[in-house]
Amino acid sequence: MCKGLAALPATCLKSAKDMKHRLGFLLQKSDSCDYSSSQGKKEKLSSSQRLSQEEVRKWAESLENLIHHDRGLAAFRAFLKSEYSEENIEFWVSCEEYKKTKSPAKLSPKARKIYDEFISVQATKEVNLDSCTREKTSHNMLEPTLSCFDEAQRKIFTLMEKDSYRRFLKSPYYLDLVSPPGAGCRPENCKRNHTHSLDCNSNIISQCA
């Protein structure tokens, strides 16, 4: 033992050893808590990413239910992309984002961007609007407001509702996510029995999320 420590009373040395032991215990406990907390967060995140059958079945009740659900919107976009017709849902989403604009100074440039991308004659992703709606929307560009795309957005929503939404519900993008109760292993379902798990099929959604 070094001379410095030898000169200390025995009680001081014992106290120092006790303190060292306690510090070691506390560090081990802290590491354990951090690990448990990390594991808990991972499990919670994993749980939140799962889709319930009830949620997926609600998508078949209305297009509104589908596209107002983050995972439903992602699945629908993936389906439309497979049909090379994603411009409709992209326009709808752009309109929703536009209506959240808080700064009046940003309305005009944002409105112009949406108009040039989806509505103008030279639009790169032109949506299918009747001439009357297109003309009215063009007029709204003179003084853009939060509602200047409302009519065009409603027309595109109706178009998707009557056409692509119905095809989506019959496509693997939806059918592989929903397992009808009592479906068992009928021939038409056995082909998809390896994809009935929502966790496994979430990769279809995540590719376009």
- request: Tell me which residues, restricted to segment 68-85, are farther than 24 Å from Ser52 by Cβ and either touching a strand residue (DSSP E or B) at 6+ places or on another chain (Cβ under 8 Å) or without any contact (Cβ under 8 Å) to a residue 40 or more places away in the chain (or both).
  value: Tyr84
field: Cβ-Cβ under 9 Å pairs, at least 6 apart or on other chains, segment 116-128 side free of Cβ contacts under 8 Å to residues at least 12 places away in the same chain and over 15 Å from Ile89 (Cα atoms), far side surrounded by fewer than 17 Cβ atoms within 10 Å (Cβ to Cβ) and of a type in the set (A, V, I, L, M, F, W, C)
entry: Asp116/Ala123
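Hey, among the residues in segment 65-84 that are among the aromatic types (Phe, Trp, Tyr) and either at pLDDT 95 or above or in contact with a helix residue (DSSP H, G or I) (Cβ under 7 Å, 6 or more places away or on another chain) (or both), which one's surrounded by the fewest Cβ atoms within 10 Å (Cβ to Cβ)? Outline the logic, then answer.
Kept after step one, since they are among the aromatic types (Phe, Trp, Tyr), are these residues of segment 65-84: 76, 79, 84.
Within this subset, residues satisfying the condition of being either at pLDDT 95 or above or in contact with a helix residue (DSSP H, G or I) (Cβ under 7 Å, 6 or more places away or on another chain) (or both) are 76, 79.
On the way: Phe76: 26, Phe79: 23.
That would be Phe79.
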- request: Looking only at segment 147-163, decide whether some residue is loosely packed, with under 14 Cβ neighbours inside 10 Å, over 24 Å from the mean Cα position of the chain (by Cα) and either modelled with pLDDT under 95 or assigned to a loop (DSSP other than H, G, I, E, B) (or both).
  value: yes
query: Restricting segment 43-57 to residues that are surrounded by 15 or more Cβ atoms within 10 Å (Cβ to Cβ) and farther than 13 Å from Phe168 by Cβ, which is modelled with the lowest pLDDT?
result: Leu51
field: Failed item in (1) within 16 Å of the chain's Cα centre (by Cα); (2) more than 22 Å from Phe149 (Cα to Cα), with Glu61 passing the rest
entry: (1)
message: So for segment 167-177 (the condition being of a type in the set (Asp, Glu) and either at pLDDT 95 or above or not in a loop (DSSP other than H, G, I, E, B) (or both)), does at least one residue qualify?
response: no
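Hey, can you tell me all the residues within segment 97-139 that are in a helix (DSSP H, G or I), of a type in the set (Asp, Glu) and surrounded by fewer than 13 Cβ atoms within 10 Å (Cβ to Cβ)? Break it down into steps so the answer makes sense when it comes.
Initially, segment 97-139 is screened for residues in a helix (DSSP H, G or I), giving 97-98, 104-119, 131-139.
Restricting the remaining residues to those that are of a type in the set (Asp, Glu) gives 97, 116-117, 135.
Result: Glu97, Glu135.
The values are calculated or read from the model by the stated rules, or taken from the named source; none is laboratory data. Only a predicted model underlies this, so the values are computations on that prediction, with no experimental measurement involved. Note: ideal-geometry Cβ built from the backbone for every residue, glycine included; neighbour counts use all protein chains shown.
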